[in-house]
Amino acid sequence: MASVTYKKVFKRFGDVEVITDLNMEVADKEFVVFVGPSGCGKSTSLRMLAGLEEITEGEILIGGRVVNDVPPKDRDIAMVFQSYALYPHMSVYDNMAFGLKLRKTPKAEIERRVKEAAETLGLTNFLDRKPKALSGGQRQRVAVGRAIVREPSVFLMDEPLSNLDAKLRVSARAEITKLHKRLGTTFIYVTHDQVEAMTMGDRIAVLSDGVLQQIDTPLNLYGNPLNVFVAGFIGSPSMNFFDATMVSEENKLILDTGDFRVQIPDEIKGAYQGYAGKQVIFGLRPEHIHAPEYAPPSIAAAPVEGTVELVELLGHELHLYMSVGKNSLVATVDTRTSARIGNKVGLVMDMSRMHLFDKETELAIR
């Protein structure tokens with residue numbers, strides 16, 4: 001068993017609290033991603049698990065064993081850092097074998113592990129090369145291979161792809177995901193890139209200011225965010241938010257932003273009756289705002305008109321950045337949509353996909 005558990009974990013540097021009451025469990029063989037903006041505490045959480053940072057309060061368990069006072073070398077973990085940290089004077093083979101040699105592993109066993117890892121990572125033809133003769137992606141694979149040969153219970157990866165170019169990151173993401181499936185080992189991965197998190201993790205832990213905001217599957221994080229922060233962080237472009245007053249009129253619930261008014265669909269309005277007359281935050285993702293002529297059939301369409309400020313064509317979709325009075329919004333629309341900067345454009349919002357949040361707590365209204 002290689003489960004990982006954080007129990008009421010705090011981390012302070014002097015008077016500064018960087019991790020606050022972290023409680024979560026990672027199941028054996030699960031791939032969990034820590035994601036959040038810079039400074040949110042995701043790398044610190046990983047480093048405490050690795051034994052590279054002391055825990056101020058609480059417990060961390062690996063495989064049911066409390067490891068607070070266990071040295072890093074005895075935790076049965078392997079870590080891949082943002083910097084590959086390869087020895088430039090050593091070959092790929094020696095870089096991968098170095099840790100095993102320090103542990104007095106038999107030579108035949110070292111050779112077996114290194115060759116198996118090299119085959120898994122497509123490095124067999126590069127074992128005699130020095131790191132300077134490798135591309136960035138190949139160096140990244142060597143760093144991963146050095147971790148694999150340890151045959152640890154838990155792999156820890158701290159932004160290992162951040163030094164790669166965009167195209168290489170995509171292929172490296174796929175390689176690491178396939179590697180997890182092949183090895184059947186617990187992976188905990190840190191990134192600031194929510195696209196990486198969404199495409200790689202079985203579950204994603206979203207942190208902000210040292211506090212775990214939500215841990216869930218990518219689909220649930222996207223479709224059922226618990227608060228405004230998670231809703232805005234997950235998804236690209238990020239969710240649109242509008243301050244609104246919920247108004248009850250003629251047995252209808254209306255969201256009034258001051259610049260436009262949209263109706264909550266009758267089939268879901270019952271969940272929000274208690275907020276009639278109150279201030280709320282209305283959220284809607286850009287992909288749920290459509291040009292009327294290309295909108296999916298049978299959506300709960302609510303019209304809105306705005307002025308186009310910026311147009312981004314991505315080939316398969318069109319992003320319209322628009323102003324609607326004092327409000328602004330982003331819409332991801334069909335590329336056939338006719339829109340130029342300065343144009344007045346009518347759109348429809350799919351209100352069946354809306355999100356509502358309490359104005360004071362910023363928690364989702366269920």
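Within the set of pairs 6 or more residues apart or between chains, which connect a residue that is at pLDDT 95 or above inside segment 217-239 to a residue that is crowded, with 19+ Cβ neighbours inside 10 Å and among the aromatic types (F, W, Y) with Cβ atoms less than 6 Å apart? Note: pairs meeting the criteria are V228/F357. Within segment 340-366, being farther than 27 Å from S298 by Cβ and small (G, A, S) holds for one residue alone: G342.
Of all the residues in segment 50-61, those that are open to solvent by 70 Å² or more (accessible area, probe 1.4 Å) and either touching a helix residue (DSSP H, G or I) at 6+ places or on another chain (Cβ under 9 Å) or of a type in the set (K, R) (or both) number 2. For segment 62-76, the condition of being surrounded by 15 or more Cβ atoms within 10 Å (Cβ to Cβ) and of a type in the set (G, A, S) holds for at least one residue. Checking each residue in segment 62-87 for being within 24 Å of R12 (Cα to Cα) and either in contact with a Lys or Arg (Cβ under 7 Å, 6 or more places away or on another chain) or acidic (D, E) (or both) picks out I62, V67, D69.
Every condition in (1) open to solvent by 20 Å² or more (accessible area, probe 1.4 Å); (2) under 31 Å from the mean Cα position of the chain (by Cα); (3) small (G, A, S) holds for A108 except the one numbered (2).
Residue check: I254 meets all listed conditions (1) open to solvent by 60 Å² or more (accessible area, probe 1.4 Å); (2) free of Cβ contacts under 8 Å to residues at least 24 places away in the same chain; (3) part of a strand (DSSP E or B) but one, namely (1).
For segment 328-355, a residue qualifies if it is of a type outside the set (V, I, T) and under 14 Å from V308 (Cβ atoms), and the qualifying residues are S328, L329, A331, S338, A339, R340, G342, N343, K344, G346, L347.
Out of all the residues in segment 288-300, is one or more surrounded by fewer than 16 Cβ atoms within 10 Å (Cβ to Cβ) and closer than 23 Å to N224 by Cβ? Within segment 288-300, one or more residues are surrounded by fewer than 16 Cβ atoms within 10 Å (Cβ to Cβ) and closer than 23 Å to N224 by Cβ. Of all residues in segment 185-235, those satisfying the criterion of being in a strand (DSSP E or B), of a type in the set (S, T, N, Q) and over 9 Å from the mean Cα position of the chain (by Cα) are T186, S208, Q213, Q214, N227. Of the residues in segment 78-92, how many are open to solvent by 40 Å² or more (accessible area, probe 1.4 Å) and farther than 13 Å from V144 by Cα? The total comes to 3. Applying the criterion of at least 2 residues that are hydrophobic (A, V, I, L, M, F, W, C) and within 22 Å of V32 (Cβ to Cβ) to the helices (runs of 4 or more DSSP H) found wholly in segment 80-174 leaves 136-148. The residue list A166, A97, A172, A143 contains one member that is small (G, A, S) and open to solvent by 70 Å² or more (accessible area, probe 1.4 Å), which is A166. For segment 11-47, the set of residues classified as open to solvent by less than 20 Å² (accessible area, probe 1.4 Å) and either farther than 16 Å from F155 by Cα or among the β-branched types (V, I, T) (or both) consists of K11, I19, L22, M24, V26, V32, V33, V35, G36, C40, G41, listed by residue number.
The values are calculated or read from the model by the stated rules, or taken from the named source; none is laboratory data. The structure displayed is predicted, hence computed values, not measured ones. Glycine also receives a Cβ, built like all others from the backbone with ideal geometry; neighbour counts cover every protein chain displayed. Keep in mind that these areas ignore ligands, DNA and RNA; they rest on the heavy atoms of the full protein, side chains included. Shrake-Rupley method; radii C 1.70, N 1.55, O 1.52, S 1.80 Å.
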